[in-house]
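Since every read-out is calculated from the coordinates, none of them should be taken as a lab result. This structure is a prediction, so every number in the text was calculated from the model and none was measured. So basically every Cβ, Gly included, is an ideal-geometry build from the backbone, and we count neighbours across all protein chains shown.
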Amino acid sequence: MSKASRVKIRRLVLDVLKPLKEPSVVDVAKALAKVKGVSAVNVTVNEVDVETMGLIITIEGEDINFDNIEKELTRVGAVIHSVDQVVVGEKIIESAQPPQART
């Protein structure tokens with residue numbers, strides 16, 4: 001695939017599991033922020049278990065490489081549970097609410 005026809009990932013929203021103690025949420029965010037193509041990272045704790053912590057991670061950038069994100073999460077001891085949102089293209093389109101959610 002030529003570089004001109006390659007579709008760029010602009011945003012990823014990931015459901016991630018990490019060990020409860022290490023790495024810290026701050027360390028996870030900092031590690032992801034250093035990945036080439038990433039311009040912003042938001043990490044929200046959404047679940048805490050006896051041994052694990054569930055995170056919702058939003059990553060934005062001009063050209064995010066999913067494989068590099070996955071490798072970095074593995075390196076810090078975390079694992080992707082699911083990919084909840086992917087935004088690709090020249091700009092970011094915010095999600096529209098379905099009509100039933102607007103009432």
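Those residues that are more than 20 Å from Leu17 (Cα to Cα) and either basic (Lys, Arg) or assigned to a strand (DSSP E or B) (or both), I need them from region 77-91; list them, please. Outline the logic, then answer.
Looking only at region 77-91, we keep the residues that are more than 20 Å from Leu17 (Cα to Cα), and these are 87-91.
Within region 77-91, Val87, Val88, Lys91 qualify.
Each residue in region 14-46 was checked for being under 12 Å from the mean Cα position of the chain (by Cα), aliphatic (A, V, I, L, M) and farther than 19 Å from Arg75 by Cα, and 1 pass.
Of the residues making up region 27-46, one or more are in contact with a Ser or Thr (Cβ under 6 Å, 6 or more places away or on another chain) and not in a helix (DSSP H, G or I). Is there a residue in region 47-62 that is in a helix (DSSP H, G or I) and either over 11 Å from the mean Cα position of the chain (by Cα) or over 15 Å from Lys30 (Cβ atoms) (or both)? No; the residues of region 47-62 include none that is in a helix (DSSP H, G or I) and either over 11 Å from the mean Cα position of the chain (by Cα) or over 15 Å from Lys30 (Cβ atoms) (or both).
In region 63-76, of all residues being charged (D, E, K, R) and not in a loop (DSSP other than H, G, I, E, B), the one that is farthest from Ser39 (Cα to Cα) corresponds to Arg75. Close Cβ contacts (under 7 Å, 6 or more residues apart or on different chains) running from residues in region 58-69 that are exposed (fewer than 14 other Cβ atoms within 10 Å of the Cβ) to residues that are in a loop (DSSP other than H, G, I, E, B) comprise Glu62/Lys8; Glu62/Gly37; Asp63/Lys8; Asp63/Gly37.
The condition of being touching a residue at least 40 places away in the same chain (Cβ under 8 Å) and among the acidic types (Asp, Glu) holds for only one of Glu51, Glu22, Glu94, that being Glu22.
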